[in-house]
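Asker: Pasting a structure below so you can have a look.
The values are calculated or read from the model by the stated rules, or taken from the named source; none is laboratory data. For clarity, every value in this text was computed on a predicted model and none was experimentally measured. Neighbour counts run over all protein chains shown; Cβ positions are idealised from the backbone, glycine included.
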Amino acid sequence: MAVLERRSQILLDEARYQRVADEAERSNRSVAAVIREAVDLRFPDSGDRDRASAAAALLDLIRVPSADVGEGPGQLKEAYAAVLAAKAGA
């Protein structure tokens, strides 16, 4: 882990802060750790690009559900696998 040597102050509106605070509580981390992770995912260094690409692909699966997805877990799994396969082939 890198040595933390720079301090920065940011202002967030209540909705953004609450999203970060909720994730910090859910994952048992500090708000600062959640914000650092968000920065790393959005602006990866050369060593983190593959990880950021994989994370973005997973987030896309969550954000873009298929319109023809059925109700059962098996059908959801098949639909997400098809979307992932299509994106991997692109």
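Asker: Can you tell me how many residues within segment 1-29 are modelled with pLDDT of 95 or more and among the hydroxyl-bearing types (Ser, Thr, Tyr)?
Answerer: Adding up the residues that qualify gives 1.
Asker: Answer yes if at least one residue in segment 76-83 is on the phi < 0 side of the Ramachandran plot, modelled with pLDDT under 85, surrounded by fewer than 12 Cβ atoms within 10 Å (Cβ to Cβ) and not in a helix (DSSP H, G or I), and no otherwise.
Answerer: No, segment 76-83 contains no residue that is on the phi < 0 side of the Ramachandran plot, modelled with pLDDT under 85, surrounded by fewer than 12 Cβ atoms within 10 Å (Cβ to Cβ) and not in a helix (DSSP H, G or I).
Asker: Looking at Arg42, is it surrounded by 12 or more Cβ atoms within 10 Å (Cβ to Cβ), of a type in the set (Lys, Arg) and modelled with pLDDT of 75 or more?
Answerer: On the way: surrounded by 12 or more Cβ atoms within 10 Å (Cβ to Cβ): no; of a type in the set (Lys, Arg): yes; modelled with pLDDT of 75 or more: yes.
No, not satisfied.
Asker: Give the residues of segment 1-30 that are in a helix (DSSP H, G or I) and surrounded by 11 or more Cβ atoms within 10 Å (Cβ to Cβ), sorted by residue number.
Answerer: Arg16, Tyr17, Gln18, Arg19, Val20, Ala21, Asp22, Glu23, Ala24, Glu25, Ser27
Asker: Shifting gears a bit: Checking the structure you have, find out if any residue of segment 55-63 is modelled with pLDDT under 95, among the charged types (D, E, K, R) and not assigned by TED's automatic domain parsing to the domain that holds Tyr80.
Answerer: Our first condition is that a residue be modelled with pLDDT under 95; within segment 55-63, this holds for 55-63.
From what's left, among the charged types (D, E, K, R): 60, 63.
If we keep only those that are not assigned by TED's automatic domain parsing to the domain that holds Tyr80 too, we end up with none.
There is no residue in segment 55-63 that is modelled with pLDDT under 95, among the charged types (D, E, K, R) and not assigned by TED's automatic domain parsing to the domain that holds Tyr80.
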